[in-house]
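Report on the structure given below.
The values are calculated or read from the model by the stated rules, or taken from the named source; none is laboratory data. Note that this is a predicted model, so its numbers are computed, not measured. Here the Cβ is made from the backbone with ideal geometry for all residues, glycine too, and neighbour counts use every protein chain on show.
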Amino acid sequence: MPTPTQVKLLRVIEEHKVRRVGAIKTTEIDVRFVSATNRDLELEVQRGNFRKDLYFRLTASRSSSRRCGSGWGRSRAWRGCSSPRLAGGWGAARSRS
């Protein structure tokens, strides 16, 4: 991810505000981020390719769940997830209780 994009993402995470393209005012947001990568971010931080402050923000609430899709083909990737919502598949009908 380019450094300018990392700066913008960090600002959104810290301030909980975004400004739409062409807008004058900022909008407050309440979101949670789910991120994944195939790179070793600790190594990327050491190399200077990834911002240390953004790395710590993203890993502050790191889940210790099993890595989804490790060693499987694409068709079985979500079945190995520990999250029942993701393991159910995309577009599957869910009952609301």
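Observations on the structure shown:
- Screening the chain for helices (runs of 4 or more DSSP H) wholly inside it with 1 or more residues that are at pLDDT 85 or above, charged (D, E, K, R) and within 14 Å of the chain's Cα centre (by Cα) returns the ranges 52-59.
- Cβ pairs under 6 Å, 6+ apart, first in the stretch 7-22 and farther than 13 Å from ARG57 by Cα, second at pLDDT 90 or above and surrounded by 13 or more Cβ atoms within 10 Å (Cβ to Cβ): VAL18/VAL12
- Residues in the stretch 42-57 that are hydrophobic (A, V, I, L, M, F, W, C) and closer than 14 Å to THR3 by Cα were compared, and the one that is surrounded by the fewest Cβ atoms within 10 Å (Cβ to Cβ) is VAL45.
- Residues satisfying the stated conditions in the stretch 12-41, i.e. of a type in the set (Lys, Arg) and surrounded by 12 or more Cβ atoms within 10 Å (Cβ to Cβ): LYS17
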